Number of protein chains: 2
Amino acid sequence: MFERFLSKDVSNLRSSEIRDLLKLTEGKKVISLAGGLPDPTTFPVEEIRKITDDVLREKSDRALQYSTTSGITEFKKELVNLSRYRGISGINENNTFVTVGSQEALFMIFNLLVDPGDTVIVEMPTYLAALNILRARKPNFIGVHLTQNGPDLDELERKVKESISNGKKPKLMYVIPTAQNPGGTTMSLDDRKRLLEIAQKYDFLLIEDDAYGFLVFDGEAPPPLISLDKEGRVIYTSTFSKILAPGLRLGWVIAQEEFIREMELYKQNIDLHTPTLTQMIAMEAIKRGVIQNQLPLIRRVYREKRDVMLAAIEKYFPKEATWSRPVGGMFVFAWLPEKIDTVKMLEESMRRGVAYVPGSSFYHDYSGRNTMRLNFSYPTKQELEEGIKILGNTILDFLK
Amino acid sequence: MFERFLSKDVSNLRSSEIRDLLKLTEGKKVISLAGGLPDPTTFPVEEIRKITDDVLREKSDRALQYSTTSGITEFKKELVNLSRYRGISGINENNTFVTVGSQEALFMIFNLLVDPGDTVIVEMPTYLAALNILRARKPNFIGVHLTQNGPDLDELERKVKESISNGKKPKLMYVIPTAQNPGGTTMSLDDRKRLLEIAQKYDFLLIEDDAYGFLVFDGEAPPPLISLDKEGRVIYTSTFSKILAPGLRLGWVIAQEEFIREMELYKQNIDLHTPTLTQMIAMEAIKRGVIQNQLPLIRRVYREKRDVMLAAIEKYFPKEATWSRPVGGMFVFAWLPEKIDTVKMLEESMRRGVAYVPGSSFYHDYSGRNTMRLNFSYPTKQELEEGIKILGNTILDFLK
C-alpha cells in the first residue's frame, strides 16, 4: 500500500551492490574478498572494555544523557589532538563535527551542497557509498580516471575546462587522496598541491575522504589536502571504523566554522546528535593513547595481509592484468583484460567459492566492466591465498 | 566561502528553538522548564554497566563490528517482544527497523513520503522536531487543534473534506495519540478507532509517534493506533530515550515490510547502520527485563513530579489560564489569556530565573502565541515549585 505514497525522490535510491552481495554469501562457505570489514583481531577489546566501564562508573549521568548536536566539546578537542597526527593544525573544536560514521558525514555534506543538475567531479573508480548518496542528488557527473598515483590531473583540468565552456561549472570534487577505496592509489605531495591549485583556479570545493589516512603502512602518509589548504576550500572527513571499531559508528568532519554551523542545523533534523556513550568511549581512547598505540598493530596486520594478496595475485592472475599496490588501506583493485566482464563472471566465481565486488559498481557511469575490488583486511591469510588462486583460475578459464 | 555553494534546500533549515533556548540557559542559574531531558536518576546505570561489560566480554567481535542496516536481527526480535507490552501483536522482526533515536525515524519517514506541495496533517500544537523535518519538505499543512482529549476529530474531518475539494488530498497525518508532546493529551480508545476510520475513508497514512506510550502513569495506556489497524496504514515509531537512556540514541519503527525495505535503502545512504554496541546494550536490557523492571520507578518519579507541577500551577497561575493534566509523558501545556505573548514574555521570565518554551514553536503556522510548554521530568521538585511560582507571578505582572 505504500508505493503510491512514496516521495518522488525515492526512486533514486538503489541498494548498495556490496551489501546485496554480502547477503548472497551469508551462511555459505564462500571466501569473501567482497566486504570491507576490518579484522576484528585489530580491535583493542580489553582497552574498550576498561574505558567503557570507567565511563559508566564515573560519568554515567553525562554518557547516558542527551548531548549537543555537533558532538561533545571535550571529544571535539580530542579530535583536534588526533588530527595533529595527520599533520592538521590551526583548527579548534569549532572546526570539528561528530557524525554517525563518515557515511553520515558524506550524506550531510552532499545534501548540503549538491542540488539536482549541479556538476560534481568524482574519481573513476571511487567509493560506492559516496556515489550512491551523490546519485540520489541527481547531479551532472564528471569522472576522472585513476592512474597508479591517484586521479589523472591532466584529464581533470581538461574536463573541468570543457564543462565550464559548456556552462557547467563544477561545484565540488569528491576525492580520496590516500589509499583510495577501491583504487588503492595514493597521491604524491606534488599532485596534492596541484589539485589544490586546480580547485582554486576553477573555484570548486574539495571533499576529502581520509578514511585510510591513519592506515598507511609503507612509509609516511602524505599530508591530507586540508593541511595544505590556505583558503578553507577543503571539507575533510575521517572515521573511527578503521582505527578503533566500526560498530561504534563514529566519524568526523573538519571544515570552516561557517560550514560546521550548517551541518549543525541539518543534523538536528536527521538524528539530533551522535550517541553520547560511543563518543565518550572514543574520546577516552584518544586521551589514553589507545588508538595511537593500536595503530602499529593494525598496520602490521594489514601490511602482511596485503603482501599475501599481492603475492598470490602475482602468481595466479593472468599477466595481461594490472592491479594496484596500495601503500595502505584495505583493498587491491584489479584491471583485467577487456574480454572479462566481472559482473558476468561473479556468479561462477561464487559457485567456485570466492566473492569479490565487480569494479563497475565504483564507476558513476557503471563503466570499468573489466575491473574488480579485492579486500584483504578481513579474510585470513590462508583464505587470501586460496581465494586468489580460485579467482585467478576462474579468470583464466573466462579468457579461454 | 561556503554560502554560495550551499544547496537551495538548505534555506529551509531552521535551528530548533528549544536548542537555541537551552544554549541561553547554559551556565546560568536559571530553572529550566524548557528542556525535555529525562531525570538521570531514572537511568538503570548499574544494570547498563553490567550488560555492557558482559557484551564486551562475550560478544565483542560482533558488538564492535559493522552490522546490518535495518538493525541486528536478535535485537529486532526483542523489539517484537517489547511491543507486546504496548498491545502490538502479529508482527515479526521484518516489520521492525532500528534508528538513531526516533528523530532519525521521523526524518526518514517524512523524507520517504513527503514531496514539496504534498498535504500533511499535524496537530496544533505538535512535536517541534517533527515539524522542523516536515517544514524542510515544504508541504501544504493542515493543522488540527487539540482538545483536552487529543486532536479535534470533527475539525479534522471538516478540514480534510475541504482540502480534498480544493484538489489537495492529504497524504499523511502525524499524530502522538498518547501523552502528546507538547499538549499532554491522550486520545480515548473510541477516538483512536474513529481516527483510523477517517484515515481509511479519506485514504491517508497515519504516522504514529508513541514516544511516551510506556510512560503512562495514571491507569492503563490505551492501545496504540497500529494495534487497531487492520490495513497496514499506520507507521509506528518509539524510542529508548524515555525508557532506558537518551544518550544511546536508539529508536525504532514498526510498519509493513514493504515500507521497512524502503527505509533500509535510505538508511544505507544516511549512516549505513545504527551503532552495534548500543543496539546490543538495549537488546540485553529487554532480554534481562531491565526496562520492564525500571518502568514502575520511572512512572512513579514522573507522576510525583507532575503532581508537584500541577499543584503549583493551580496555586500560582491566573484562573483564566487552562492547562493539560497529562496522564503520562514529561510535559504540561498551558493556554494563557490571549493578552499574553509567551515569546515576548520569555526574556523577562528568564531574567527572573525561569525558562520555558513558547508554545508557538509547536504550531506549524507559529500561532498559539499565548501558550507555553512546561517540562516536569528533569527539574527537581523544589525547582518545579519555585519555577512555577516565579512564572505565575511573571504572568500576573504581564496581565496587569
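The values are calculated or read from the model by the stated rules, or taken from the named source; none is laboratory data. This one's a predicted model, so the numbers in the text were calculated from it and none came from an experiment. Counting neighbours? That spans all protein chains shown, and the Cβs are built from the backbone with ideal geometry, glycine included.
Before moving on, here are some points about what is shown:
- Which numbered condition A:Ala221 misses (of (1) more than 14 Å from the chain's Cα centre (by Cα); (2) without any contact (Cβ under 8 Å) to a residue 60 or more places away in the chain; (3) on the phi < 0 side of the Ramachandran plot; (4) outside any strand (DSSP E or B)): (2)
- Whether a residue is touching a helix residue (DSSP H, G or I) at 6+ places or on another chain (Cβ under 7 Å) and at pLDDT below 95 was assessed, and A:Leu134 does not pass this test.
- Any hit, region A:350-363, residues being aliphatic (A, V, I, L, M), free of Cβ contacts under 8 Å to residues at least 60 places away in the same chain and out of contact with any Pro (no Cβ under 8 Å at 6 or more places or on another chain): no
- Candidate set from region B:132-146 (those that are within 14 Å of B:Ser367 (Cβ to Cβ) and of a type outside the set (A, V, I, L, M, F, W, C)); member that is nearest to the other protein chains (Cβ to nearest Cβ): B:Gly143
- Selection within region A:250-285 - at the interface with another protein chain (Cβ under 7 Å from one of its Cβ atoms), assigned to a helix (DSSP H, G or I) and closer than 16 Å to A:Phe75 by Cα: A:Thr276, A:Leu277, A:Thr278
- Among the residues of region A:220-249, those that are away from chain B (no Cβ under 12 Å), among the hydroxyl-bearing types (Ser, Thr, Tyr) and touching a strand residue (DSSP E or B) at 6+ places or on another chain (Cβ under 8 Å) comprise A:Tyr236, A:Thr237, A:Ser238.
- Filtering region A:172-191 to residues that are surrounded by 21 or more Cβ atoms within 10 Å (Cβ to Cβ) and of a type outside the set (A, V, I, L, M, F, W, C) leaves A:Tyr174, A:Pro177, A:Thr178, A:Gln180, A:Asn181, A:Pro182, A:Gly183, A:Gly184, A:Thr185, A:Thr186.
- Matching residues in region B:308-344 - criterion: being modelled with pLDDT of 95 or more, charged (D, E, K, R), in contact with a Lys or Arg (Cβ under 9 Å, 6 or more places away or on another chain) and not in a loop (DSSP other than H, G, I, E, B): B:Lys315
- The C-beta contact set for region B:158-186 (first residue in the same structural domain as B:Thr119 (by TED's automatic domain parsing) and within 17 Å of B:Lys242 (Cβ to Cβ), second residue part of a loop (DSSP other than H, G, I, E, B) and among the charged types (D, E, K, R), distance under 7 angstrom, 6+ apart or interchain) comprises B:Thr178/B:Asp210.
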